[in-house]
Each structure stands twice: as structure tokens, then as C-alpha cells.
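Input: a single structure, listed below in C-alpha cells.
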Amino acid sequence: MCGIFAAVRLEGHFTESEIQSFDTACERIAHRGPDASGRLLTCHGGDVDADPPNLYLGHRRLSILDLDEAANQPFSRDGLHMVYNGEVFNYLELASDRFSEFPFETSSDTEVVLRAYQKYGAECFAQFNGMWALAIYDARRQKLVLARDRFSIKPLYMMQMGDTWYFASEIKQLRAVQGARFTPDIGSIHAFLNQALINHQANTFYQEVKRFPAMHALEIDLQSGQLSWHKYWDYAPADEALKGIPPERIATHFRDLLIDSLRLRLRSDVPVGTLLSGGLDSSAISTLIHEHIKPDVMTFSVVSDDKAFSEEPFIDALVLEKGIPNEKLRFHTGLAMEHLDTVLEMQDEPYGSLAVVAQYLLFQQIKRETGITVLLSGQGADEVLLGYSKFFFFELRSRLKQMRLGSAVGMAAASWRKGTTVRDFDLREAKRYLPWARKRGQDYLPQGGAGEALWTFEDMRSRQMLDIDHYSVPALTQYEDRNSMAASIEVRLPFLDFRIVDFLVNVPVEYKLRDGWTKHLLREAVPELPDAISWRRDKKGFTTPEATWMRGELGAEIIRYMSTHRRLEDLGIVDNGAFCKAVESYRNGAKWISHGDLFRVYITERWLSGL
């Protein structure tokens with residue numbers, strides 16, 4: 001896990017002051033790579049030894065695989081030069097099965113990635129199982145090639161100024177570029193405030209900066225300046241993904257894939273641990289690793305000081321029954337309010353809730369108290385296994401529209417009897433999926449347009465893909481990447497192994513939603529879990545008492561702040577007077593107003609004030 005920066009000028013050369021700004025861009029992400037740094041300055045299309053440079057590759061390294069300096073970057077072989085952020089976990093299989101003709105000089109995945117490109121070109125990326133964002137300068141063909149992993153796990157941003165292209169791991173690097181100017185993107189702000197959408201499209205909160213698309217590679221011809229995009233991967237059709245797997249083998253096949261995903265993601269030359277929250281996803285990861293792969297892997301649990309949000313009883317139930325090594329860290333949720341601007345600086349864009357701040361503090365505490373460098377997380381499980389409440393209600397609606405009334409009633413009744421999703425319904429949180437209710441409680445937003453039709457989809461498979469590609473996974477991985485890397489910790493996501501994703505989106509809904517339970521397939525596939533975890537009725541996630549705070553100190557602070565800061569109002573996005581009234585109404589128990597809606601306005605105003 002590292003950080004990268006690349007710049008290429010198609011006509012002309014870089015000045016010394018520009019090169020210094022590129023070095024500054026790399027230093028701004030020293031947290032992503034505290035172990036080593038490097039750069040390549042060269043001239044494409046001219047005399048490498050005599051002409052001034054017009055191509056820059058910069059790198060910050062967090063050493064995880066092959067700790068020797070021979071694996072530092074930029075990494076060069078046979079006229080190919082690469083900077084690379086991430087891990088390709090199946091690098092050992094690739095090296096032995098497909099690239100035996102190359103004399104490998106390191107034991108790093110970096111060298112395998114470069115050799116894969118050397119042999120297959122941009123087609124190599126479909127062979128990778130991992131997470132990555134990379135730039136390769138191919139001096140032989142005079143091309144600059146960039147690529148990003150399938151599911152937006154590793155970040156990559158791009159910006160064009162005249163005939164110069166810039167690529168970076170974090171937006172703050174692009175802001176260091178000499179001569180760059182940045183303007184708030186009104187459309188992105190509207191989408192965020194109206195529908196809580198972030199990282200769902202190419203646009204960022206800055207008009208000048210775009211997100212590099214997942215599943216894609218870009219080839220820039222340095223002679224003609226032509227850009228060629230290539231989508232190197234896509235979801236398999238259902239009949240292909242499930243071919244040869246009978247219904248009675250669905251759960252077993254998923255279990256086998258998950259164990260293999262965990263095995264690959266434990267590869268490391270530094271200690272690896274897992275995050276254990278007490279929830280179903282992290283408990284499944286920790287249990288399978290302990291009982292089937294590597295029993296001495298340490299688990300880390302951050303326990304809230306607020307009993308209403310603590311999952312300590314579930315953590316204890318698993319750890320004591322299974323004998324899993326575990327270290328608890330006590331976390332004080334009240335600290336979140338003190339670090340709003342710090343997290344804005346790390347995220348570069350507004351964020352959706354105080355849970356993002358709490359996550360930042362969590363990783364800081366884990367690093368400070370344990371020194372761990374690699375952690376496995378359950379991120380992505382809810383999207384691939386239909387864990388969110390919305391999926392239950394989407395399916396309920398589909399059955400009603402298909403006139404499967406008995407099935408719909410049975411589904412709702414089972415949930416009610418089990419005390420699961422139906423009983424947890426919250427209209428204030430659900431309204432973003434209800435076209436007739438979406439704008440209720442948001443009178444302070446005078447504009448915003450039609451927005452995204454989050455309630456419209458063809459079938460559950462297509463809705464899952466929308467969440468994985470646009471609406472959910474990209475936002476959550478962005479938050480987790482910035483927060484973990486701020487503490488120089490690499491987080492690996494076994495549920496987003498592409499084999500698991502491709503399989504699960506094609507598995508019929510009834511395997512994932514059954515008998516009133518969400519994520520039924522995971523509960524079935526890991527029977528080793530204690531019943532208290534497998535069949536627990538609540539779903540907490542990593543939460544903070546934000547609703548309570550909004551009725552107290554946080555709400556009062558928001559009213560004070562918004563009374564004196566008016567950037568959103570100056571842009572015609574928010575009516576500050578109406579907004580402050582909405583905060584007061586929420587504090588007095590208004591039904592339609594969501595604390596999340598209010599927080600997003602507040603944090604966006606703070607972000608704008610800091611530009």
C-alpha cells in the first residue's frame with residue numbers, strides 16, 4: 001500500500017518550480033508511505049540524457065511485501081517504469097504459472113505486476129486479484145498506461161491543465177501543482193446534500209478533478225496525445241457465474257471462495273490482524289481465519305465507551321468460545337467532535353457522518369497502541385450479500401409489483417416474528433429511496449434538480465451492481481482508505497474479492513434473503529459462529545450517538561456556525577435561515593428531518609470555508 005503521483009506534458013517540458021511542486025505533491029501523502037520515497041524524471045519523445053524532463057513518476061512506499069529496498073519504486077525493468085499503490089494478492093500464482101520465463105529479482109508483487117504488463121499489455125489487469133492504482137511509463141512504445149482496480153478500493157484522481165495530465169492518489173496532491181486553481185462542483189454538492197451521494201460518478205467536489213473509473217485502464221499515446229480507454233473486466237452473466245454449481249452447493253461454494261480470499265489476503269511480510277466488531281461479517285472473517293488458515297492471527301476490537309453502541313458482549317461471545325486472540329481498545333466517541341477539520345483535511349471532500357471521524361480516530365488508536373500495519377475488514381459484505389435493510393424492502397416491493405402477494409406477506413411476517421428488518425424501519429432514513437418523500441424535511445435546499453432515481457432498478461442483481469459500482473462501495477472505500485492510510489495502515493477487503501462479488505451478485509435473491517433474515521447465505525456458510533452472532537437481530541455497524549448529539553451540543557454548534565458562515569447560501573444551494581429552523585425542528589422532535597441530512601450541510605459549509 002502506497003501513494004503515487006504522475007505528470008506528463010505532451011508538448012514542452014517541466015520547469016524547475018513545477019518539478020518542486022510535484023515533489024511537494026508526493027510529500028503531502030507521506031502518511032501513505034512512510035518507509036521509502038522515490039521519483040523518476042525523464043523525457044519522452046526526445047533525448048533522455050540531454051533534454052529537460054516532461055514526465056514525472058513519484059512514489060511513497062508502505063513496505064508490506066518484500067521489505068528490501070530493491071522493491072522500492074519507481075520500479076523499472078526493460079524500458080518499463082512503474083509506480084503502484086495496492087496489492088495483487090495472487091502474485092505468487094501468476095509468477096509461477098504465467099511468467100516463469102522472467103528472471104525475478106525480488107519477492108514483491110510489484111515485479112510480477114510489471115512483468116504481467118510486459119507480457120500481456122493492458123489485458124493483464126483482468127488476471128489480477130487485488131486492489132490497485134498504478135501508472136506505467138512504457139518507453140518502448142511511448143505510452144503512459146494507468147489502471148485502477150475493479151471496485152474503487154484504491155484511489156486514483158486525474159486532472160488536465162492544457163497539454164499536461166496529472167494523476168494522484170489523493171486530491172490534496174493535485175492542489176500542490178503549480179498554477180492549479182480549484183472551483184467547487186455545484187452538481188456534486190447538490191447530490192451530496194440532497195441524496196447523500198458521494199464518489200458515485202466521475203465528478204468530484206472540485207470541477208477540475210475527476211475520479212479515474214474502476215475496472216478501466218487508460219493508455220495515453222505520448223506521440224499523438226490520443227487517449228484510449230479500455231474496460232478490462234465486467235460482471236459475468238448469471239448462467240456463466242453459476243455454471244456447474246447445483247443449488248445445494250451454493251453455500252459451500254461461497255464458503256470455499258471466502259476461505260481462499262482470506263488465505264490470499266493474509267500474505268504479508270509484516271504482521272496482519274483483523275478488525276473484529278462483533279458483527280456478522282467481521283466475526284465470520286475472524287472465525288474462518290482462526291479455525292482454517294492461521295490460528296495465531298490477532299484480532300482487534302474497538303469498544304465504545306457508550307454502552308448503547310458497544311458490541312462488547314458479542315465480541316466476548318466469539319473470542320471466549322473460539323479462543324481467538326483478541327486485543328480490545330477503548331474508544332471515546334466524544335472525541336469525534338474535536339477532529340472534524342482534521343478529517344476534512346484527510347478526506348479532501350465532505351463526508352457523510354461523524355462515524356467517518358470516529359473511524360479515523362479508531363485507526364489512529366490502533367496504530368498508536370499496536371503498531372499493526374495490515375488489517376482485514378468486512379467492508380463490502382452488505383452490498384454483495386444483501387445486508388442493508390433497503391434490499392429487504394426493495395425485494396418486498398418487487399414481490400408486490402409482481403402480484404406475489406402471499407410471498408410478500410410471508411416475507412414481511414417472518415421478519416416481524418424474528419424481530420429483524422421490518423421492525424427496524426425508519427422513515428427518515430428510508431426517504432431517499434421514496435420518490436414521494438425524498439424532499440420532505442429539506443425545505444432549506446431551494447434547488448437540486450431531479451437527482452438520482454435510487455429507487456429505480458431492473459432487478460436485484462442490477463441494484464446490487466449499482467451499489468457496488470456507484471452508490472455505496474465507492475463512498476465507503478474512499479472513507480476507509482483515507483482514514484486507514486492516515487495512520488499508515490493497509491486495509492484489505494476479502495468480501496470484495498472479484499470472484500466472490502461476481503458469484504454473489506448472480507446468486508438468486510432467496511439464498512441471501514430468507515426466513516426474515518438478511519445475509520442468510522453467510523449465516524449458512526459459516527456454521528462455526530456462535531448462535532448469538534449468527535442469528536442476532538440488530539445491526540449496528542460502526543456508529544456514534546449522532547442523533548443524540550444533534551439534539552444537544554452538536555445541534556447548538558451547527559446553528560452557531562451556520563449563522564456566521566454562508567458559503568453555501570452565497571452559491572444559492574442552502575437557505576441558511578430555513579436550515580437553522582430545520583435544526584431546531586429536529587431538536588424538537590420533527591418526524592421528517594434526518595440528523596444525517598443536517599450534518600451533511602454543516603460539514604459541507606466547513607469544507608467550503610477551508611478552501
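The values are calculated or read from the model by the stated rules, or taken from the named source; none is laboratory data. Remember, predicted model here, so these are calculated numbers, not experimental data. Cβ coordinates were reconstructed from backbone atoms using ideal geometry, including for glycine residues, and neighbour counts include every protein chain displayed. Calculation scope for accessible area: heavy atoms of the full protein, side chains included, ligands and nucleic acids excluded. Shrake-Rupley method; radii C 1.70, N 1.55, O 1.52, S 1.80 Å.
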Pick from the range 509-533, criterion outside any loop (DSSP other than H, G, I, E, B), touching a residue at least 40 places away in the same chain (Cβ under 8 Å) and not charged (D, E, K, R), ranking: farthest from Ile285 (Cα to Cα): Val509
With respect to His292, determine if the residue is open to solvent by 40 Å² or more (accessible area, probe 1.4 Å), out of contact with any strand residue (DSSP E or B) (no Cβ under 9 Å at 6 or more places or on another chain), touching a residue at least 12 places away in the same chain (Cβ under 8 Å) and not charged (D, E, K, R). yes
Ala135: among the small types (Gly, Ala, Ser), outside any helix (DSSP H, G or I) and out of contact with any helix residue (DSSP H, G or I) (no Cβ under 8 Å at 6 or more places or on another chain), yes or no? yes
Within the range 372-388, can you find the residues that are open to solvent by 10 Å² or more (accessible area, probe 1.4 Å) and over 17 Å from the mean Cα position of the chain (by Cα)? Ile372, Thr373
Positions within the range 559-584 being of a type in the set (Ser, Thr, Tyr) and free of Cβ contacts under 8 Å to residues at least 12 places away in the same chain, in sequence order: Thr564
Residue by residue through the range 559-598, note down the ones that are farther than 12 Å from Arg428 by Cβ and β-branched (Val, Ile, Thr). Ile559, Thr564, Ile573, Val574, Val583
Note on the range 43-80: residues in contact (Cβ under 8 Å) with a residue 40 or more places away in the chain, of a type in the set (S, T, N, Q) and touching a helix residue (DSSP H, G or I) at 6+ places or on another chain (Cβ under 9 Å) are Ser63, Gln73
Within the range 425-482, tally of residues that are free of Cβ contacts under 8 Å to residues at least 60 places away in the same chain and under 21 Å from the mean Cα position of the chain (by Cα): 2
Picked from the range 310-347 (must be touching a Pro at 6+ places or on another chain (Cβ under 7 Å) and within 22 Å of Gly273 (Cβ to Cβ)), the residue most open to solvent (accessible area, probe 1.4 Å) is Glu321
Report yes if some residue within the range 257-278 is acidic (Asp, Glu), within 30 Å of Phe314 (Cβ to Cβ) and surrounded by 14 or more Cβ atoms within 10 Å (Cβ to Cβ); otherwise report no. yes
Please report, ordered by residue number, the strands (runs of 3 or more DSSP E) entirely within the range 202-288 with at least 3 residues that are at positive phi, among the charged types (D, E, K, R) and under 19 Å from the mean Cα position of the chain (by Cα). none
Of all residues in the range 36-64, which are at pLDDT 95 or above and aliphatic (A, V, I, L, M)? Ala36, Leu40, Leu41, Leu55, Leu57, Leu62, Ile64
Filter the range 246-272 for residues that are in contact with a Pro (Cβ under 9 Å, 6 or more places away or on another chain) and touching a residue at least 40 places away in the same chain (Cβ under 8 Å) and give the result. Ile250, Leu258, Ser261, Leu262, Leu264, Arg265
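Let's see how each residue does on (1) crowded, with 22+ Cβ neighbours inside 10 Å; (2) within 18 Å of the chain's Cα centre (by Cα); (3) assigned to a helix (DSSP H, G or I):
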{"residue": "Glu123", "(1), (2), (3)": "no, no, yes"}
{"residue": "Ala147", "(1), (2), (3)": "yes, yes, no"}
{"residue": "Ile153", "(1), (2), (3)": "yes, yes, no"}
{"residue": "Trp165", "(1), (2), (3)": "no, no, no"}
Answer yes if at least one residue in the range 96-112 is in contact (Cβ under 8 Å) with a residue 40 or more places away in the chain, farther than 27 Å from Leu493 by Cβ and either of a type in the set (Gly, Ala, Ser) or open to solvent by less than 20 Å² (accessible area, probe 1.4 Å) (or both), and no otherwise. no
When you look at Leu454, is it closer than 30 Å to Lys154 by Cα, assigned to a loop (DSSP other than H, G, I, E, B) and open to solvent by less than 30 Å² (accessible area, probe 1.4 Å), yes or no? yes
Looking at (1) touching a residue at least 60 places away in the same chain (Cβ under 8 Å); (2) in contact with a helix residue (DSSP H, G or I) (Cβ under 6 Å, 6 or more places away or on another chain); (3) of a type in the set (A, V, I, L, M); (4) in a helix (DSSP H, G or I), which one does Ala116 not meet, given that it meets all the others? (1)
In the range 368-396, how many are under 21 Å from Ser488 (Cβ atoms) and either modelled with pLDDT of 95 or more or not in a helix (DSSP H, G or I) (or both)? 8
Restricting the search to the range 167-192, which residues are in contact with a Gly (Cβ under 9 Å, 6 or more places away or on another chain), hydrophobic (A, V, I, L, M, F, W, C) and in a helix (DSSP H, G or I)? Ile186, Ala191, Phe192
So if I check each of Gln127, Gln173, which one is modelled with pLDDT of 95 or more, surrounded by 24 or more Cβ atoms within 10 Å (Cβ to Cβ) and under 30 Å from Leu376 (Cα atoms)? Gln173
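Quick grid of which residues meet (1) at pLDDT below 95; (2) surrounded by fewer than 21 Cβ atoms within 10 Å (Cβ to Cβ):
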| site | (1), (2) |
| --- | --- |
| Thr518 | no, no |
| Leu522 | no, no |
| Asp531 | yes, yes |
| Trp535 | yes, yes |
| Arg560 | no, yes |
| Cys580 | no, yes |
| Val583 | no, no |
| Lys591 | yes, yes |
Residues that are more than 15 Å from Leu493 (Cβ to Cβ) and open to solvent by less than 40 Å² (accessible area, probe 1.4 Å), drawn from the range 458-478: Met460, Ser462, Arg463, Gln464, Met465
Would you mind telling me which numbered condition in (1) in contact with a Pro (Cβ under 8 Å, 6 or more places away or on another chain); (2) modelled with pLDDT under 95; (3) not charged (D, E, K, R) Ala133 fails? (2)
Scanning the range 267-278 residue by residue, those over 8 Å from Leu376 (Cβ atoms) and touching a strand residue (DSSP E or B) at 6+ places or on another chain (Cβ under 9 Å) turn out to be Arg267, Ser268, Val270, Pro271, Leu276, Ser277, Gly278
Starting from the range 119-134, keep only residues that are at positive phi, then list their pairs with residues that are open to solvent by 10 Å² or more (accessible area, probe 1.4 Å) and part of a strand (DSSP E or B) whose Cβ atoms are within a distance under 9 Å, requiring at least 6 positions of separation or different chains. Gly121/Glu219
Looking at the range 85-95, can you tell me whether even one residue there is open to solvent by less than 30 Å² (accessible area, probe 1.4 Å), of a type in the set (Ser, Thr, Tyr) and closer than 12 Å to Ile136 by Cα? no
Could you check how many residues of the range 441-451 are within 19 Å of Ile593 (Cα to Cα) and surrounded by fewer than 16 Cβ atoms within 10 Å (Cβ to Cβ)? 4
